[in-house]
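**Q** Here it is, the structure, as structure tokens.
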Amino acid sequence: MSALLWLLIALPLGGGALLAVFGSHFDRHVPAAAVALALATLGTALAAAVTRPEASTPLFAEIEAGLAVDGLSAVMVVTVTAVTAAVLVFAVGEMGGEENRGRFFGPMLLFAGAMLVTVTATTLPLLLMAWELMGATSWALIGYWWRQPKRVAAADVAFLTTRTADLGLYLAAGAAVAGGVGGLRLDALPTAASPWLHVVVAGVVAGALGKSAQLPLSFWLSRAMQGPSPVSALLHSATMVAAGAYLLLRLDPLLAATGWAGPLVAWTGAATALALGLVAVAQTDLKQLLAASTAAQIGFMVLAAGSHGVTAGTTQLVAHAATKSALFIAAGAWLTALGTKKLAALRGAARAYRTVGAAFIVGALTLAGLPPLSLWAAKDEVLAAARAQGTGLYALGLAAAAVAAVYSIKAVWYVTRPLPLDPEPGYDTEQHGTRRIARTTPVPLLMLTLAAAALGVLALPGPASWLSRLLGAEHEPYPEPWELALSAAVALAAAVLGWSWSSGRTPTPTAPERWAYGWLGLEQAAYLLVVRPVMKAAGALAVFDDRVVDGAVRQTARGALAAARLTRRLDDEGVDGVVRAIATGARNLGRWARRPQTGLLHQYYAQAAVGFAVLVLIILLVR
């Protein structure tokens, strides 16, 4: 049984690695191979969801790399693999022969494989490995067109922002070890000893909120729009952005173990849903609108996690994954056909390309939370969980739901306008458009749209009870009929308001609109409050290092050299001089001693006579 689980992650990870490394050698066959791998992974995920396999292998001393498919991960593995397969089919028509398809499809499979490991991991070290791989592949995919500096810069911003938040998970792992969590199992984290328990929770919350682009780290999602459309479709629906919300849902017992984590997470999610919803309303670019709406919709999942509504958050996640991937595929198809993603230039796009237009309208109405589409019922489940925590939280969530209807209807308003008399001047602002929809677009687009519309059944009483039992969360609140009616009325009223506002909107934006258009200035604030102080501190430390630490080392070296030179002079001129003088004296004495040694007998007699005379003279003088 465990072989099935290993196969589930080996197919995308192994196949993706092979395509990334060797794909350029058989570029024509890469798309078909990638789609085949994705479909095989989907089949394996369906089998794993039914059989619920478990597997583990030793990783470090007393720590295992554990994998398991339980109720929550069974839902997630099917969602991730289904969306991945649909997006890769769409990508076949998007990534033409002029692109390096091995370098695209390989990382896409690696990206999906990392998400599969994330949702099935039962130990923190393995989850961290998958978390890191997801971040690295997202960087490679967002910066896929690496010859364009703005896209590389966008990939860097997204990578560094999420990496900053990821440090929280490392902090959590260290605190878990200090708190005595044996084996670093995820289900054992709530048993960490206090005060390490609070550090573990804080680290997990920081990592999850950063990955899911929640306040105040939402701006990286705007930068991620520089990547290819299939990357956006996958990243915004079932993988990286959803990973943070999934982790919070997975670790609901950990949030419940402290009194502050749940409310903090819930209020952050609700605030993000409202604030980023307003950002979406202000956008004039379709992909930017969808990006801001992703952060806002993920905010509902985070709100559910903080309110201990695991079933509600899971339903919202699945319904949003289908909806958002369909909307991004439609936006990508128009970008390829018309070369633009500006809303003003997309007037009438739904009339010109009716299949894509119909799918986009259904997806946008689903995103608006209009009944009976999926996100209407899913959002009400989230709001029911929020109401159980407090009326203020419920009211904030309901306001965010109204804003969701406004930005969704705004997008519908633009694409359903009559075509301008001469639309061509507005096209090709991003790239040269093909003026056609790829043949690989309709099938995945329509399937995802159908799923987006129909997944609301998961919130109906019968299926909702089944899903709650599957997730082991039977006692969660379910929305009352008046709540369903109220949210439907609010969404309809907001939709009408949004339609009227779009019709009468003036071309000159107001100051609040400009502020919201710039994503609330979050990136500038992060630059001013974090990046610039860190860079200045780094510069000051570099100067300290150069002038103090390195300076001390250099001065020490200079002193040692000077001492060595002085010692050498003393040695050369002192010790060696004395030795040379002694040697010279000895040599001179020897030379003087050799002079009487002439070998002539008469001279020896004369020397002996002189010596004897001198000796007699000394004796006489001494006496």
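**Q** Quick check: anything in region 289-300 closer than 30 Å to Ile437 by Cβ, in a loop (DSSP other than H, G, I, E, B), open to solvent by less than 10 Å² (accessible area, probe 1.4 Å) and out of contact with any Ser or Thr (no Cβ under 8 Å at 6 or more places or on another chain)?
**A** No.
**Q** Sort out which residues of region 340-362 are in a helix (DSSP H, G or I) and polar (S, T, N, Q), and write them in order of number.
**A** Thr355, the sole residue that qualifies.
**Q** Being among the hydrophobic types (A, V, I, L, M, F, W, C) and within 18 Å of Ala368 (Cβ to Cβ) is true for just one of Ala542, Ala537, Ala494, Ala526. Which residue is that?
**A** Exactly one residue qualifies, and that residue is Ala494.
**Q** To continue, here is another question. Do we find a residue being open to solvent by 20 Å² or more (accessible area, probe 1.4 Å), in contact (Cβ under 8 Å) with a residue 12 or more places away in the chain and under 31 Å from the mean Cα position of the chain (by Cα) anywhere in region 341-354?
**A** Yes, region 341-354 has at least one match.
**Q** Still on this structure, please answer the following. From the list Leu446, Leu450, Leu421, which one is over 29 Å from the mean Cα position of the chain (by Cα), within 30 Å of Gln297 (Cα to Cα) and without any contact (Cβ under 8 Å) to a residue 40 or more places away in the chain?
**A** Leu450
**Q** Look at region 428-465 and say how many of its residues are outside any loop (DSSP other than H, G, I, E, B), open to solvent by 50 Å² or more (accessible area, probe 1.4 Å) and under 17 Å from Gly93 (Cβ atoms).
**A** Qualifying residue count for the region: 3.
**Q** Now for a separate question. Considering only residues that are in contact (Cβ under 8 Å) with a residue 60 or more places away in the chain, surrounded by fewer than 24 Cβ atoms within 10 Å (Cβ to Cβ) and under 31 Å from the mean Cα position of the chain (by Cα), which ones fall in region 385-402?
**A** Gln389, Leu393, Leu396, Leu398, Ala399, Ala402
**Q** Check Val80 against each of (1) β-branched (Val, Ile, Thr); (2) over 27 Å from Pro442 (Cβ atoms); (3) in contact (Cβ under 8 Å) with a residue 60 or more places away in the chain and name the one condition it does not meet.
**A** All conditions are met except number (2).
**Q** A follow-up question, please. Is it true that some residue in region 596-613 is surrounded by 10 or more Cβ atoms within 10 Å (Cβ to Cβ), without any contact (Cβ under 8 Å) to a residue 60 or more places away in the chain, among the β-branched types (Val, Ile, Thr) and in a helix (DSSP H, G or I)?
**A** yes
**Q** Just to be sure, is Val265 closer than 25 Å to Leu197 by Cα, part of a helix (DSSP H, G or I) and modelled with pLDDT of 95 or more?
**A** yes
**Q** Take region 470-490 and flag every residue that is more than 16 Å from Ala385 (Cβ to Cβ) and in contact (Cβ under 8 Å) with a residue 12 or more places away in the chain.
**A** The answer is Leu470, Ala488, Val490.
**Q** From Ala245, Ala233, Ala202, Ala173, which residue is more than 14 Å from the chain's Cα centre (by Cα), more than 30 Å from Pro58 (Cβ to Cβ) and either among the small types (Gly, Ala, Ser) or open to solvent by 10 Å² or more (accessible area, probe 1.4 Å) (or both)?
**A** It is Ala233.
**Q** Moving on to the next point. Determine, yes or no, whether Val205 is farther than 30 Å from Pro31 by Cα and at pLDDT below 95.
**A** Answer is no for this residue.
**Q** Quick one: which residue in Val21, Val89, Val75 is in contact (Cβ under 8 Å) with a residue 60 or more places away in the chain, loosely packed, with under 15 Cβ neighbours inside 10 Å, among the β-branched types (Val, Ile, Thr) and closer than 30 Å to Ala333 by Cα?
**A** Val21
**Q** Also, I was wondering about something else. Only one of Leu375, Leu317, Leu365 is open to solvent by 10 Å² or more (accessible area, probe 1.4 Å), within 19 Å of Ser487 (Cβ to Cβ), part of a helix (DSSP H, G or I) and not β-branched (Val, Ile, Thr); which?
**A** The match here is Leu365.
**Q** Of the residues in region 132-153, how many are more than 21 Å from Leu19 (Cα to Cα) and surrounded by 21 or more Cβ atoms within 10 Å (Cβ to Cβ)?
**A** 0
**Q** Further, regarding this structure: Which of the residues that make up region 92-112 are under 21 Å from the mean Cα position of the chain (by Cα) and either buried (at least 24 other Cβ atoms within 10 Å of the Cβ) or under 23 Å from Leu8 (Cβ atoms) (or both)?
**A** Phe104, Phe105, Gly106, Pro107, Met108, Leu109, Leu110, Phe111, Ala112 - these are the residues of region 92-112 that are under 21 Å from the mean Cα position of the chain (by Cα) and either buried (at least 24 other Cβ atoms within 10 Å of the Cβ) or under 23 Å from Leu8 (Cβ atoms) (or both).
**Q** Considering only region 210-225, state which residues are open to solvent by 10 Å² or more (accessible area, probe 1.4 Å) and more than 15 Å from Asp156 (Cα to Cα).
**A** The answer is Leu215, Pro216.
**Q** Any idea which residue in region 39-64 is most open to solvent (accessible area, probe 1.4 Å), counting only those that are touching a Gly at 6+ places or on another chain (Cβ under 9 Å) and among the small types (Gly, Ala, Ser)?
**A** Within region 39-64, the match that is most open to solvent (accessible area, probe 1.4 Å) is Ser56.
The values are calculated or read from the model by the stated rules, or taken from the named source; none is laboratory data. For clarity, every value in this text was computed on a predicted model and none was experimentally measured. Backbone-built Cβ (ideal geometry, glycine too); neighbour counts: all protein chains shown. Just so you know, the surface numbers come from the protein's heavy atoms only, side chains and all, with ligands and any DNA or RNA stripped out. Shrake-Rupley method; radii C 1.70, N 1.55, O 1.52, S 1.80 Å.
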